[in-house]
Amino acid sequence: MSALFENAVTSIRLGIEDFETGEDDRMISAARNYYAGVLLLAKECLVRAAPVADPLHVIGAKVKPVSDGAGGVNIAVVGWKTVDFQEMKGRFKDFGLKWPEGDFDKLRKLRNEAEHHHLTQPVEALAEAIASSFPMVVDFFDILEEDPKEELGDAWDVILEKRTAYEKVQKRCLSELASINWPKQVTGIDRMICDNCGSSLVGQEDPTNKNPENFNAKCAQCGEVHSSEASIAMAVVASFGADDYIAAKEGLEPVIHDCPYCDSSNTFVQNSEVNMCFDCGFVLDESCSICGTSLTLEEYTMLDNGYCGSCSYGMARAMRD
């Protein structure tokens, strides 16, 4: 057993032991140990994919070519830093390895928050984040062709039990959400997140409901039942949150807004395909009375003069001149 693999197994075992207690302080410790163990397991997969190479050449974060003095080059590792989570996924692809299924992003974010002593979500979110990443451990052991039961012992039984329970609840929640007759633009219900605890185990208070107007989200993790307005906003953020994030990064107009008609928060969406509030149904179909271009929500609410930003600026400038 390599030192890398041994450290991975030890870290995962310690993490699962803390996880099983359910105690708040131990859960933070679980996130640290388990997260480290999974990353080490992934690095072991890379190292075994190139067994005759120097391991640091495989998992080193920064390498560079140096002259070998004979017209060729050697590969030199710069520093001791190894690849991080995002770089790891790229290395897997480079080495022809399939990146395992499972949600590791949530655990990574929460673990980073805990490391900086400002966890913004209830500690229960850590427990779910750990459980939702268990499929990755299964896949990593498959890649390594190692027996997880033999290596992890009782920790493996916990992983299997919690993974099965998590997937069962997740399946039930998604089934409840899928039964709703959503507008065709709502496509991200599987990414819905509880506003109270950050859990992705969100279903319905009334599992038989099919009308989005009567949708009250219920979190299976913390038990919170959300108002209809908040529930619709959660569905909107799940469907359009990624577009809104990209728009913000690129300095473009936001995609998700508060509705100017019913004042619901985060329920109005405006992009190239959607221009409506998913709570009250308000559609913004106003056009500039001068040039005829469609008004953005900002122009409609902030300028409130029936003109687009360009025409408003031109008229203001003409009046000054």
Point to revise | All positions within region 36-68 that are touching a Gly at 6+ places or on another chain (Cβ under 9 Å), of a type in the set (Gly, Ala, Ser) and surrounded by 16 or more Cβ atoms within 10 Å (Cβ to Cβ) | key: Ala36, Gly37, Ala49, Gly60
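Quick grid of which residues meet (1) touching a residue at least 12 places away in the same chain (Cβ under 8 Å); (2) of a type in the set (A, V, I, L, M); (3) buried (at least 20 other Cβ atoms within 10 Å of the Cβ):
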site	(1), (2), (3)
Val138	yes, yes, no
Ile159	yes, yes, yes
Val169	yes, yes, no
Arg172	yes, no, no
Ile180	yes, yes, no
Met192	yes, yes, yes
Ser200	yes, no, yes
Lys210	yes, no, no
Lys218	yes, no, yes
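If you go through region 44-58 one residue at a time, do you hit one that is at pLDDT 90 or above, basic (Lys, Arg) and over 27 Å from the mean Cα position of the chain (by Cα)?
Checked against the condition, which is being at pLDDT 90 or above, basic (Lys, Arg) and over 27 Å from the mean Cα position of the chain (by Cα), region 44-58 yields at least one hit.
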Check your understanding: Which members of region 132-160 meet the condition of being within 24 Å of the chain's Cα centre (by Cα) and not hydrophobic (A, V, I, L, M, F, W, C)?
Key -> Ser132, Ser133, Pro135, Asp139
Check your understanding: Pick from region 74-91 the residues that are in contact with a Leu (Cβ under 9 Å, 6 or more places away or on another chain) and in a loop (DSSP other than H, G, I, E, B): which of them is farthest from Gly60 (Cα to Cα)?
Key -> Asp84
Study note, to complete from the structure: Filter region 193-215 for residues that are more than 23 Å from the chain's Cα centre (by Cα) and in a loop (DSSP other than H, G, I, E, B); the one that is nearest to Lys171 (Cα to Cα) is Pro207
Revision key, fill the gap. Reported set for region 269-292 where residues are touching a helix residue (DSSP H, G or I) at 6+ places or on another chain (Cβ under 7 Å) and under 12 Å from Gln185 (Cα atoms) is Val269, Gln270, Asn271, Phe278
Review point. Mind checking which pairs have a first residue in region 307-319 that is in the same structural domain as Thr296 (by TED's automatic domain parsing) and a second that is of a type in the set (Phe, Trp, Tyr) and at pLDDT 70 or above, Cβ under 8 Å, 6 or more apart or different chains?
Key: Met315/Tyr307
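The values are calculated or read from the model by the stated rules, or taken from the named source; none is laboratory data. Keep in mind that this is a model prediction, so the values were computed, not measured. Every residue, glycine as well, gets a Cβ built from its backbone with ideal geometry; the counts of neighbours run over all protein chains shown.
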